[in-house]
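Engineer: The structure's right below; bear with me while I get my questions together.
The values are calculated or read from the model by the stated rules, or taken from the named source; none is laboratory data. Note that the structure is a prediction, hence the values are computed from the model and not measured. When we count neighbours, we look across all protein chains shown, and the Cβ atoms used for this are built from the backbone with ideal geometry, even at glycine.
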Amino acid sequence: MPELPEVETVRQGLVPAMEGAVIDALEQRRPDLRFPFPAGFAERLTGRTIIGLGRRAKYLLADLDDGALLIMHLGMSGSFRVEDGTIQTPGIFYHPRDKQAAHDHVVFHLSNGKRVVYNDPRRFGFMDLVRRADIATTPHLAGLGIEPVGNAFDGVTLHGLFAGKRTPLKAALLDQRLVAGLGNIYVCEALHMAGLSPERAAGTITAEEAGRLATAIREVLGAAIAAGGSSLRDHRQANGELGYFQHSFRVYDREGEPCPNLACSGVVTRTVQSGRSTFHCLTCQR
DNA sequence: GCTGTAACCTGTCGGC
DNA sequence: TGCCGACAGGTTACAG
């Protein structure tokens, strides 16, 4: 599921429940997700106050009162939901199919009476605990590239990052070491908005094209966050509601449909790059 | 060093 | 209806 807009949407949904709350108890229902939980995970979190909940790229970061940082990644299918005393049926945000509850792997019991439940059927997500002071050397975060919704992200920066790269634009944008937070959907969308081919070598784009691309990335991500993210299969907001940006997709999952660019008579085409679907218009994306 | 591919795990969907 | 294969939004290790 989650690319940057989905993670940001989840973060915004979790803040009211988690910030300022004490973790009274933590249920860790299995020894691992994608990676094993760190030693003493539940014990180390129990009794801690969550000072703030932030985000870096696709990572959720919970600052704790003892100087630790809880790192959470949703992988492909991870989601959080918030339950409170008014909700009598655990899993109410799902269609009431019990098998969903089988994938509730972590439950935070908070001092404000709320429960925050982490569900992840495919278990590609993970959680880790590090010292806040060690954030610069934490393997998950240390190599991340520029934040695409941050102030420093613009065409000049993007042009510099791509200089000399022979890798296709699509792969370069998915490379979290260059730009951190983009995924398959929004790369396809931004490249179409910018009129750039995903197959072009990244190092060949001009400064003007890089500016166009940076603007497109900002616009696509901003619109997606405002729409609550995209709900294709797994993503829900923390309050259980679906995002609806998928209704605004220009090209993603629209193979065979007319190009949404009104000045173009092309058709959306699906190709495979690095084993992943790419949707683009062969006519107006150059 | 750079690039592409496979693998991780499970659910869903389409075809037969 | 049931079975099977393809595919899925991320990340990382490894081979070339």
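Engineer: Among all residue pairs at least 6 apart or on different chains, which show Cβ distances below 6 Å where the first residue, located in the range A:112-131, is at negative phi and the second is of a type in the set (D, E, K, R) and within 16 Å of DNA strand C (Cβ to nearest atom)?
Structural biologist: Close Cβ pairs (under 6 Å, with a partner that is of a type in the set (D, E, K, R) and within 16 Å of DNA strand C (Cβ to nearest atom)) amount to A:Val117/A:Arg81; A:Phe124/A:Arg34; A:Phe126/A:Arg34.
Engineer: Those residues that are within 16 Å of DNA strand C (Cβ to nearest atom) and either touching a helix residue (DSSP H, G or I) at 6+ places or on another chain (Cβ under 6 Å) or assigned to a strand (DSSP E or B) (or both), I need them from the range A:113-134; list them, please.
Structural biologist: A:Tyr118, A:Asn119, A:Phe126, A:Met127, A:Asp128, A:Leu129, A:Val130, listed by residue number.
Engineer: Another question about this same structure. Does the range A:97-118 include one or more residues that are within 16 Å of DNA strand B (Cβ to nearest atom) and among the hydroxyl-bearing types (Ser, Thr, Tyr)?
Structural biologist: yes
Engineer: Among the listed residues A:Glu241, A:Glu255, which satisfies the condition of being in the same structural domain as A:Val179 (by TED's automatic domain parsing), within 15 Å of DNA strand C (Cβ to nearest atom), touching a residue at least 24 places away in the same chain (Cβ under 8 Å) and part of a loop (DSSP other than H, G, I, E, B)?
Structural biologist: Criteria check complete, one pass: A:Glu255.
Engineer: Output yes when any residue across the range A:141-150 is within 16 Å of DNA strand C (Cβ to nearest atom), out of contact with any strand residue (DSSP E or B) (no Cβ under 9 Å at 6 or more places or on another chain) and over 30 Å from A:Pro38 (Cα atoms), and no when none is.
Structural biologist: yes
Engineer: Checking the condition without any contact (Cβ under 8 Å) to a residue 12 or more places away in the chain and surrounded by fewer than 24 Cβ atoms within 10 Å (Cβ to Cβ), which residue from A:Gly160, A:Gly195 passes?
Structural biologist: Among A:Gly160, A:Gly195, only A:Gly160 is without any contact (Cβ under 8 Å) to a residue 12 or more places away in the chain and surrounded by fewer than 24 Cβ atoms within 10 Å (Cβ to Cβ).
Engineer: From A:Asp128, A:Asp63, A:Asp120, A:Asp84, grab the single residue that is at pLDDT 95 or above and closer than 23 Å to A:Glu8 by Cβ.
Structural biologist: So the residue among A:Asp128, A:Asp63, A:Asp120, A:Asp84 that is at pLDDT 95 or above and closer than 23 Å to A:Glu8 by Cβ is A:Asp63.
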